[in-house]
Amino acid sequence: MASTEGLQAYEEEKLLLPLPKEKGWASRHLYLFQHFWCPSTHIEGVNNFQKHFQAKDSDAIVASFPKSGTTWLKALTFSIVNRKRFSSFDNHPLLTSNSHELVPFLDFIFHGDNIQHKLSYLCNMTEPRVFGTHIPFPSLSNSIKESNCKIVYICRNPFDTFVSSWTFFNKIKSDSLSEVTIEEALEKYCKGIIGFGPTWEHMLGYWKESIATPNKVLFLKYEELKEDVNFYVKRVAEFLDCPFTEGEESDGVIENIIKLCSFEKMKNLEVNKSGTVGRNVEKKYLFRKGEIGDWINYFSPAMIEKLSKTMEEKLSGSGLSFKTCL
Ligand code: A3P
C-alpha cells in the first residue's frame with residue numbers, strides 16, 4: 001500500500017500530468033489549473049483548500065493579485081478588525097510579526113498532509129479570522145461563496161504590478177532558474193502567464209462579483225488606497241461591519257492604524273528586515289518602493305505600447321480602468 005506521501009504524489013501527478021504547463025517566473029512550472037496559471041508549489045494547497053476549508057460568517061478574506069498591495073491590505077484589515085483586542089499601538093502584534101504571519105494564505109495553510117491537524121488549527125483560531133488568498137474568485141471554495149464571510153480585494157495598475165512582480169521574482173527565484181529579462185517577462189505577462197494570472201481575468205472575476213454582490217466583495221485599487229487611505233480604512237471597517245465610532249475617530253484610532261501599516265513604518269521594523277515568511281520568501285523583499293508610477297523607470301516605448309494594447313483589449317467594456325500617469 002502506498003504511504004500517505006506517495007499517495008499524495010500520485011494524486012498530484014494524476015492531477016498535473018494532463019494540464020498545460022509553462023516555465024514559471026520564480027517556481028519551476030506554472031500549470032493551467034481551473035483556467036488560471038497556478039505555480040506547481042501551490043497546487044496541492046489550492047486543491048486541499050477547495051476540498052476542506054469551511055468558512056465562518058465572521059471571516060474576512062483579503063484577496064489580491066500578487067504584488068498588488070497584499071502585505072499592506074493584510075496589515076490594515078488585521079488592525080481594523082482586531083482593534084479592540086489590540087488597542088495599544090506601542091505593543092501591537094504587527095510590530096513583532098509580519099502581516100503574512102498574522103493573516104495566513106489559505107492555500108499555504110492547506111499545503112501538505114495531516115488535514116485533520118490543519119482543520120483543528122483553523123477551528124481554534126480567534127474570531128474574526130482573517131485569511132489571505134491569491135486564488136481567482138471562481139476557484140474559491142464553495143463555503144466562502146455560500147457563507148456570509150466577506151472578501152476585500154485589492155488590485156493595482158498592471159504597469160506597476162508587472163514591475164513589482166518582475167523585480168520580486170528575480171530576487172526570490174530558485175538558484176536553478178535563470179533570471180528572466182524584462183522583455184521576456186512582459187511577453188509572458190501579456191499572454192497571462194504569471195502565477196494566478198491572467199491578471200485581467202483575476203481582476204475581472206472579483207470586479208464582476210463586487211458589482212453583483214457589493215456586500216460580499218469590496219474592490220479596492222492600490223492607487224486609490226494610497227491617495228486616500230483614511231477614506232478607505234473607514235470604508236473597509238464599514239464593509240466588515242465594524243465601523244469606527246465617533247469616539248474612536250476623535251481618539252485617533254484611524255490615524256494610528258494608518259501609521260502602523262504605512263510602508264515606511266513596516267519596511268523599517270526589525271521584524272521585516274530579516275527572516276522569511278511562507279515558502280521561504282525573505283521578508284525584506286516584500287517592501288521595495290511602495291510608489292505609484294515607478295514603472296516609468298523600466299518601460300521602453302515599445303513595452304508601453306504592448307501593455308497598453310493588451311490592457312485595452314482585455315479590459316474594454318468592463319468598466320474597470322487604471323490611470324497610468326502617462
Ligand atoms: P513595489 O514593488 O512597487 O515597491 P504584495 O504585498 O502584494 O506583494 O505587493 C508588493 C508591493 O506593495 C510592493 O510594491 C511593496 O513595496 C508594496 N508595499 C508593501 N508594503 C506596503 C505598505 N505598507 N504600503 C504601501 N505599499 C506597500
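Taking neighbour Cβ counts within 10 Å as the exposure measure, how do Lys314, Lys21 sort from fewest upward?
Exposure proxy ranking, most exposed first: Lys21, Lys314.
Only Cα pairs under 8 Å and at least 6 apart count here; give the relative contact order of region 247-290 as a rounded whole percent.
Reported relative contact order: 24 percent.
For the chain, set up a Gaussian network in which alpha carbons nearer than 10 Å are linked by springs, and say which option among Thr161, Thr77, Thr126 fluctuates the most.
Thr126
Under 5 Å between amide hydrogens, which residues at least 5 positions from Phe33 or on another chain qualify, with H placed 1.01 Å from N in the peptide plane?
Placed amide hydrogens put Cys38 under 5 Å from Phe33.
What size of dipole, in debye to the nearest 20, comes out for the chain about its Cα centre when the only charges are +1 on Lys and Arg C-beta atoms and -1 on Asp and Glu C-beta atoms?
Taking the Cα centre of the chain as origin, the dipole is about 220 debye.
Which aspartates and glutamates have a Cα lying under 13 Å from the Cα of Lys283, excluding residues fewer than 8 positions away in the same chain?
Glu101, Glu270
Where a Cα-Cα gap under 17 Å defines reach, which lysines qualify for Lys226, not counting those fewer than 8 residues away within the same chain?
Lys67, Lys74, Lys234, Lys259, Lys265, Lys267, Lys289, Lys323
Calculate the FRET efficiency for Thr181 and Lys145 from the Cβ-Cβ distance with a Förster distance of 35 Å, rounded to the nearest 0.05.
Calculated transfer efficiency: 0.35.
Of the DSSP beta bridges with both residues in the chain, give the percent that are antiparallel, rounding to the nearest 5.
40 percent
Can you put Leu225, Leu15 in order, fewest other beta carbons within 10 Å first?
With the sparsest Cβ surroundings first, the list reads Leu15, Leu225.
If you build a Gaussian network model of the chain, linking Cα atoms that sit under 10 Å apart, which residue out of Tyr298, Tyr285, Tyr31 swings the most?
Tyr298
May I ask you to sort Lys173, Lys84, Lys67 by Cβ crowding, counting other Cβ atoms within 10 Å and putting the fewest first?
In order of increasing Cβ crowding within 10 Å: Lys84, Lys173, Lys67.
Tell me which of Val229, Met303, Phe322 sits at the most positive position along the dipole axis of the chain, charges placed on C-beta atoms (Lys, Arg +1; Asp, Glu -1).
Highest projection toward the positive end goes to Met303.
Could you work out the relative contact order of region 19-315, using alpha carbon pairs under 8 angstrom and six or more residues apart, expressed as a whole percent?
Across region 19-315, relative contact order equals 26 percent.
Among Ile257, Ile296, Ile154, which one moves the most in a GNM of the chain with springs linking Cα atoms closer than 10 Å?
Ile296
What nm distance separates the two modelled labels at Leu119 and Ser318, each placed 7 Å from Cα along Cα→Cβ?
3.6 nm
Compute the distance in nm between two label points, each set 7 Å from the Cα along the Cα-to-Cβ direction, one at Phe86 and one at Lys265.
1.1 nm
Defining a contact as two alpha carbons under 8 Å apart and six or more residues distant in sequence, what relative contact order in percent does region 150-241 show?
44 percent
Which value in Å is the Kirkwood Rh of the chain over different Cα pairs?
20.6 Å
To the nearest 500 deg cm²/dmol, what mean residue ellipticity at 222 nm is calculated for the chain from DSSP H runs of n ≥ 4 alone, each contributing -39,500 (n - 2.57), summed and divided by the residues?
After summing the helix terms and dividing by the residues of the chain, the value is -13000 deg cm²/dmol.
Every read-out reported here was derived from the displayed coordinates using simple, explicitly stated rules and does not represent laboratory data. Just so you know, these numbers come straight off a predicted model, no measurement behind them. A quick note on method: Cβ atoms are made from the backbone with ideal geometry, for glycine too, and the neighbour counts reach across all protein chains shown.
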